[in-house]
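Since the structure comes first, as structure tokens, the remarks are kept for the end.
The values are calculated or read from the model by the stated rules, or taken from the named source; none is laboratory data. Since we're looking at a predicted model, the values are computed, not measured. Here the Cβ positions follow ideal geometry from the backbone for every residue, glycine too, while neighbour counts run over all protein chains shown. SASA here: full protein model, heavy atoms, side chains in, ligands and nucleic acids out. Shrake-Rupley method; radii C 1.70, N 1.55, O 1.52, S 1.80 Å.
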Amino acid sequence: MLIGVIADDFTGASDIANTLSKGVAPEGGLLTAQYCGVPATSANSDIQAGVIALKSRTSPVNDAISESLAALDWLLSQGCSQIIFKYCSTFDSTPTGNIGPVAEALAIAMDENNVLVCPAFPGAGRTVYQGHLFVHDRLLNESGMQHHPLTPMTDPDIRRWLQKQTAWRVSHLPVGELHEGRFAPRSISSDTQTTEKTFLVADAISDNDLIALGAAFQGARLLTGGSGIAMGLPRNFFKKGLPQPTKSTVLSNMGDGAILAGSCSGATRQQIEAHAENHPVLDIDVPSVLSGSLDSAALVEFFTKHRQDAPLVYSSSAPEIVAQIQEDYGVARVAEALEQLFAETATKLIDLGFTRIVVAGGETSGSVAKALCHHSSVEAMHIGIEIDPGVPILHLDTSKPICLALKSGNFGARNFFKKALDMMKGTA
Ligand SMILES: Nc1ncnc2c1ncn2[C@@H]1O[C@H](COP(=O)(O)OP(=O)(O)OP(=O)(O)O)[C@@H](O)[C@H]1O
Ligand SMILES: O=C(O)[C@@H](O)C(=O)CO
């Protein structure tokens, strides 16, 4: 294993696994596997990039640090020479969040003093300019992310937000300097290294910027960012003579499909609306879930009844409704109840012969993927074709074919759900 990734959620993990697996033309990418948590056993020897999916994005700082360090130990023991800490391209965290503390802990463990920070993912509209994060043409705090149920992003200046989470110095690598070629390959970790512990927030407004950063940081043992930061990294290994891997993930005899949406993000809500135009959908009544009168049996009944018709069940609601529910019942209690409901439902569906499961939302995907991996006794998922930017088909490493798509809340085109199920069947 050459590159190891510690991802703070499951959709983010499949996003960066997709980037590493695709690489950039002409060389392409690495043979990549995604793991549900820290594996208990060693990776297959042909795997070149390993992505450990944690569910630590909203965990307390100390828990996130210890899980991330355990992931680091495993990745280093598999031979990785470069580690990426993957967080969200919208830098999802709170002022007391764990991105800064986890990055610090990993840097200390790896003896790195200057650590890159770059959430940019231009393919999904996320760019960093003058240290500020944009989602398409809006600043982060005007993009809808200011209403996120768990991590409302109210400041677009990544330097200022990160500085709230860390005592390390936070500095800036302006895109102008990158364009002027002032970051010659390999120069960053040698020439500009300072002994003062520093996070370098890098601008990146295009894929080319990320590829240039990948070349400039090829000597870095630790990088942090969104999935875009991995774009330029496989090339560094191919340039050193790594042979291109053979990849084969085949879709055949796939069973019925189901869609579970727990994301309240704008894009997911529009995708649900689009899907509802031609497919059966069920809106979960959250208070009934909390009172115990609505459970996974009811959802399974709905899915079974409509199993041929791409059925979708969702809890997603508008920000004001989510805020009210959270005020009435508590943020954590609602999240836990819904995530458990989705996870239980998904495992029951697998037992009933469903083999294509699409999930929307990072936290929601985390509970569903963990439950399915546990249920099927697998640790690894292989990376298949990309459905929409940042969302690949994942193949569970089981004897009977099971595919998953874990969609980040704001990813995907309007017709994502139908497209995903069709692609998983091999008919799109
Ligand atoms: N109607 C609702 N009311 C309150 N909370 C909800 C509701 N529906 C979902 N949630 C919770 O909100 C959280 C949504 O987070 P999740 O990570 O799944 O989606 P997301 O943030 O849109 O996705 P991503 O992290 O990929 O951007 C989950 O914990 C989910 O259980
Ligand atoms: O970076 C992103 O936007 C996604 O991979 C993600 O982490 C959302 O949960």
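Taking amide H atoms as placed 1.01 Å from N in the peptide plane, list the residues 5 or more away in sequence, or in a different chain, whose amide H sits under 5 Å from that of L116.
The answer is L200, T224.
Quick one: among G226, G257, G181, which has the greatest mean-square fluctuation in a GNM of the chain with alpha-carbon springs under 10 angstrom?
Between G226, G257, G181, it is G181 that shows the largest mean-square fluctuation.
For F121, enumerate residues with amide H under 5 Å from its amide H, sequence gap 5+ or separate chain, H modeled in the peptide plane.
Residues meeting the amide H criterion: R126, T127.
Can you give the accessible area of H382 in Å² (nearest 10), computed on protein heavy atoms with a 1.4 Å probe?
Probe radius 1.4 Å; accessible area of H382 about 50 Å².
Among A25, A13, A230, determine the one that fluctuates most according to a GNM of the chain built with springs between C-alpha atoms less than 10 Å apart.
Looking only at A25, A13, A230, the biggest GNM fluctuation is shown by A25.
Taking 0.36 nm per intervening residue step and subtracting the Cα-Cα distance, what contour gain separates K240 from A40 on full extension? Walk me through the intermediate numbers first.
Values: separation 200, 0.36 × 200 = 72.00 nm, distance 3.11 nm.
Length gained, K240 through A40: 68.9 nm.
For the chain, report the convex hull volume of the alpha-carbon atoms normalised per residue, in Å³, without decimals. Intermediate results must be reported in sequence, preceding the final value.
Numbers: hull volume 54.4 nm³, N = 428.
With only Cα atoms used, the chain gives 127 Å³ per residue.
Taking each full run of DSSP H in the chain as one helix, which ones are at least 27 Å long along their axis (Cα atoms) and have mean Kyte-Doolittle hydropathy of at least 0.0?
Values: long enough: 331-351 (31 Å, 0.42).
Length and hydropathy pass: 331-351.
Which length gain, in nm to one decimal place, applies between K164 and R138 when the Cα-Cα distance is subtracted from 0.36 nm times their residue separation?
Working: separation 26, 0.36 × 26 = 9.36 nm, distance 2.27 nm.
Extra length available between K164 and R138 comes to 7.1 nm.
Once you've got the GNM for the chain with C-alpha springs shorter than 10 Å, pick whichever of I83, I158, I284 has the biggest mean-square fluctuation.
I284
What are the ³J(HN,Hα) values, in whole Hz, obtained from phi via the Karplus relation 6.51 cos²θ - 1.76 cosθ + 1.60 with θ = phi - 60°, for each residue of the range 154-167 in sequence order, with x given for Gly and Pro?
Those phi angles translate into 9, 9, x, 7, 5, 5, 5, 5, 5, 4, 5, 9, 8, 8 Hz.
Which of the listed residues, F85, A33, S14, is farthest toward the dipole's positive end in the chain, when Lys, Arg count +1 and Asp, Glu count -1 at the beta-carbon?
Of the candidates, A33 comes out farthest on the positive side.
Please compute the modelled spin-label separation between I108 and S66, points set 7 Å along Cα→Cβ, answer in nm with one decimal.
Distance between the two pseudo-spin positions: 1.5 nm.
Over the heavy atoms of I321, what accessible area does a 1.4 Å probe trace out, to the nearest 10 Å²?
90 Å²
Give me the distance in nm between label points sitting 7 Å out from Cα along the Cα-to-Cβ direction at S293 and E336, one decimal.
2.3 nm
At 0.36 nm per residue, minus the direct Cα-Cα distance, what do T249 and N415 gain on full extension? Give it in nm, one decimal, please.
Values: separation 166, 0.36 × 166 = 59.76 nm, distance 2.39 nm.
Length difference between fully extended and current span is 57.4 nm.
Given a cut-off of 21 Å, name the pairs among K370/K419; K22/K247; K197/K240 whose C-alpha atoms lie farther apart than that in the structure shown.
Working: K370/K419 24 Å; K22/K247 11 Å; K197/K240 30 Å.
Beyond 21 Å: K370/K419; K197/K240.
Out of the total accessible area of the range 3-239 (probe 1.4 Å, heavy atoms of protein only), what percent is carbon and sulfur? Don't skip to the answer; put the middle values down first.
Details: 4090 of 8130 Å².
The computed percentage sits at 50.
Could you size up the charge dipole of the chain around its Cα centre, putting +1 on the beta carbon of Lys and Arg and -1 on that of Asp and Glu, and report it in debye to the nearest 20?
Working: 31 positive and 44 negative charges, 192 e Å.
Dipole about the Cα centre, nearest 20: 920 debye.
Picking from S408, S265, P389, whose Cα lies most toward the positive end of the charge dipole for the range 256-425 (charges on Cβ: Lys, Arg +1; Asp, Glu -1)?
The residue sitting most towards the positive pole is P389.
In deg cm²/dmol and to the nearest 500, what is the mean residue ellipticity at 222 nm of the chain if only DSSP H runs of at least 4 residues count, each as -39500 (n - 2.57), divided by the residue total?
Computed mean residue ellipticity for the chain: -11000 deg cm²/dmol.
In square nanometres and to one decimal, what's the mean projected area of the convex hull around the Cα atoms of the range 3-239?
On the way: hull surface 45.8 nm².
Orientation-averaged projected area of the Cα hull: 11.5 nm².
Note the per residue figure in Å³ for the convex hull of the C-alpha positions in the range 64-199.
Details: hull volume 17.0 nm³, N = 136.
Convex hull volume per residue, Cα atoms: 125 Å³.
With the crude spin-label approximation of a point 7 Å out along Cα→Cβ, what separation in nm comes out for T195 versus L150?
Output for this residue pair reads 4.1 nm.
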